[in-house]
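Visitor: Dropping the structure in here first, questions after.
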Amino acid sequence: MKQEERRQQTTELLLDSTKKLIQEKGCHSITMKDIMEKSGLSKGAIFHYVKSKDEIFAWVLQERLERTNERFMNEVKQGRKNFDGPMQRLAESFTALENPKDVTSKVLIYLLGKEDQPIIAEVLKQYYERSVHLSGQWILTGQQYGVIPESVNTDKTAEMFVLLSLGLRVRSSIPLASAVFNSQDYSSYIINILNPSEPPPLTC
């Protein structure tokens, strides 16, 4: 097996095992021993790729982001120059933003509580910047296909969407927080800004 294939398999195994543990125990209670037992990997095998469980948590954040981007780009590659398909791929990920049990949200809140550590601060910075970058790329792609107006300010709009998504994630971690703005509203808001000709969805 080639080194890159081995790395990919190990990464996927670590990610799957860690996500299951987060769902079972939460981020704070997990130890490297837990990850070793869940994944079946030795300490040496794990530390060949990462230095701590927090680094694996960072992978969890990045994986969700890249998976959403992959679904979006796959829809774009179908060649249909419309707004609905790619937007639907993005909207599918929005419900997780208000799910208190969502693994990505749990990891984000956990890492935000350790932002004073330089390594964690860098991870959070990279995650935020990557989120804004990809949001901008999605908008630019829509503009290139002529389904999003050129008048939309790509940079500001991309960052605004990321800020709203982070807000939904943080709110999901607040016990018993009341909410009138949900993921469907978020999706409708994005559609209204990016494609104002799109008729608003019917609401009860």
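The values are calculated or read from the model by the stated rules, or taken from the named source; none is laboratory data. What you are looking at is a predicted structure, and each value in this text was computed from that prediction instead of being measured. All Cβ positions, even for glycine, are placed from backbone atoms using ideal geometry, and neighbour counts span all protein chains on display.
Visitor: Which of (1) loosely packed, with under 12 Cβ neighbours inside 10 Å; (2) closer than 24 Å to residue 58 by Cβ; (3) modelled with pLDDT under 95 does residue 125 not meet, given it meets every other one?
Guide: So the condition that residue 125 fails would be (3).
Visitor: May I ask you to list pairs of residues, at least six apart or on different chains, whose Cβ atoms are under 6 Å apart, with the first in the stretch 129-150 being assigned to a helix (DSSP H, G or I) and the second being exposed (fewer than 15 other Cβ atoms within 10 Å of the Cβ)?
Guide: Correct list of pairs: 143/150.
Visitor: I'd like to check something: does the stretch 31-44 contain any residue that is within 30 Å of residue 86 (Cα to Cα) and modelled with pLDDT of 90 or more?
Guide: no
Visitor: Being within 30 Å of residue 167 (Cα to Cα) and not acidic (Asp, Glu) is true for just one of 33, 81, 77, 19. Which residue is that?
Guide: Going through 33, 81, 77, 19 in turn, just one is within 30 Å of residue 167 (Cα to Cα) and not acidic (Asp, Glu): 19.
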